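Undergrad: Pasting a structure below so you can have a look.
Only the coordinates and a few stated rules stand behind these numbers; no lab work does. Only a predicted model underlies this, so the values are computations on that prediction, with no experimental measurement involved. As a convention, Cβ positions derive from the backbone with ideal geometry for all residues, glycine included, and neighbour counts pool all protein chains shown.
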Amino acid sequence: MTVIDDFLAGVAEPQRSVLLELRGLILEFIPEAEECIAYNIPCFKVNGKGIAGFDAYKNHNSYFPFSGQVFKAMPDELEGYELTKGSLHFSTDECLPRELVKRLIEVRLAQAF
C-alpha cells in the first residue's frame, strides 16, 4: 500500500472512486511519477517537482497543478470550471475529462522542464 492508498482509504464514496479514476489518469500520462503526500494532499512528482495533485472536500474535489501558471496558459479549456489561484474544483461524483487531465499535465510538464 502506498501513502496515496492510505489517504484514499479515508475518503468516502463516491469521491474515493472519482479520485481513484483521476489517479489512474495521472499515472497513465506520467507513469514515472513518484506518488507521495505533499502539502497534506496526494502529489505526483517528476524529478522532485510536483506535477499534479488532488484532494476531496465536502462539496467538491480539487485538482492541483502545483503552479499558478498552468491555468493561465489554458483559459478556454477551463471555461465553466471554478478555479482558485492554485486549484481546479470539480464534481464529487464525476472525474475530470481524460483530455483535460492530459492537457493539465502537458502544460505543467512544459513549464517545469
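Undergrad: When the chain is fully extended, how far beyond the present Cα-Cα distance does residue 39 get from residue 99, taking 0.36 nm per residue of separation?
TA: On the way: separation 60, 0.36 × 60 = 21.60 nm, distance 2.60 nm.
Here the segment from residue 39 to residue 99 would lengthen by 19.0 nm.
Undergrad: Work out, in µm²/s and without decimals, the Stokes-Einstein translational diffusion coefficient of the chain at 10 °C, 1.306 mPa s, Rh from Kirkwood over C-alpha pairs.
TA: Working: Rh = 13.9 Å.
Approximately 114 µm²/s, per Stokes-Einstein.
Undergrad: What net charge is computed for the residues neighbouring residue 103, neighbours being all others with C-beta under 14 Å from the C-beta of residue 103, Lys and Arg scored +1, Asp and Glu -1?
TA: -2
Undergrad: Stretch residue 60-residue 83 to full length: gain in nm at 0.36 nm per residue minus the Cα-Cα span? List each step's numbers first, then the result.
TA: Values: separation 23, 0.36 × 23 = 8.28 nm, distance 1.17 nm.
Result for the pair: 7.1 nm of gain on full extension.
Undergrad: What does the net charge come to around residue 10 if you take all other residues with beta carbon closer than 13 Å to its beta carbon, with K and R at +1 and D and E at -1? Don't jump to the answer; show the numbers that get you there.
TA: Values: positive: 16; negative: 5, 6, 13, 55.
Here the count lands on -3.
Undergrad: Related question: Would you mind finding the longest exposed-site-free stretch of the chain, with exposed GluC sites (Glu not before Pro) meaning DSSP loop and at most 16 other Cβ atoms within 10 Å?
TA: 33-78
Undergrad: Given the C-alpha centroids of region 30-48 and region 73-90, what is the distance between them in whole angstrom?
TA: Going from one Cα centre to the other spans 21 Å.
Undergrad: Tell me what the chain gives for mean residue ellipticity at 222 nm when only DSSP H runs of n ≥ 4 count, each as -39,500 (n - 2.57), the sum divided by the residue total, rounded to 500 deg cm²/dmol.
TA: Working: 3 runs with 37 residues, N = 113.
It lands at -10000 deg cm²/dmol.
Undergrad: Let me ask something else. For residue 59, what is the net charge nearby, where nearby means another residue's Cβ is under 13 Å from its Cβ and Lys, Arg count +1, Asp, Glu -1?
TA: Working: positive: 58; negative: 55, 82, 93.
Charge balance in the 13 Å sphere: -2.
Undergrad: Quick one: putting +1 on the C-beta of Lys and Arg, -1 on the C-beta of Asp and Glu, what dipole do you get for region 4-113 around its Cα centre, in Debye to the nearest 20? Numbers along the way, then the final one.
TA: Details: 11 positive and 17 negative charges, 79 e Å.
Result for region 4-113 is approximately 380 debye, rounded to the nearest 20.
Undergrad: Using the Cα centre of region 36-90 as the reference point, and only Cβ charges (+1 on K/R, -1 on D/E), how large is the resulting charge dipole? Debye, rounded to the nearest 20.
TA: Details: 5 positive and 5 negative charges, 63 e Å.
About 300 debye.
Undergrad: To continue, here is another question. Please count, across the chain, the pairs of lysine residues with Cα atoms under 23 Å apart that sit 8 or more places apart or on different chains.
TA: Value for the chain: 10.
Undergrad: Run the numbers for residue 13 and residue 109: contour at 0.36 nm per residue of separation, minus the present Cα-Cα distance, in nm. The partial results should precede the final answer.
TA: Numbers: separation 96, 0.36 × 96 = 34.56 nm, distance 3.06 nm.
Full-extension gain reported as 31.5 nm.
Undergrad: Tell me the trypsin sites (Lys or Arg not before Pro) within region 1-101 that lie in a loop according to DSSP and have at most 16 other beta-carbon atoms within 10 Å. Present the calculation step by step, with values, prior to reporting the outcome.
TA: On the way: sites: 16, 23, 45, 49, 58, 72, 85, 98; in loops: 58, 85.
Loop-located and lightly packed - 58, 85.
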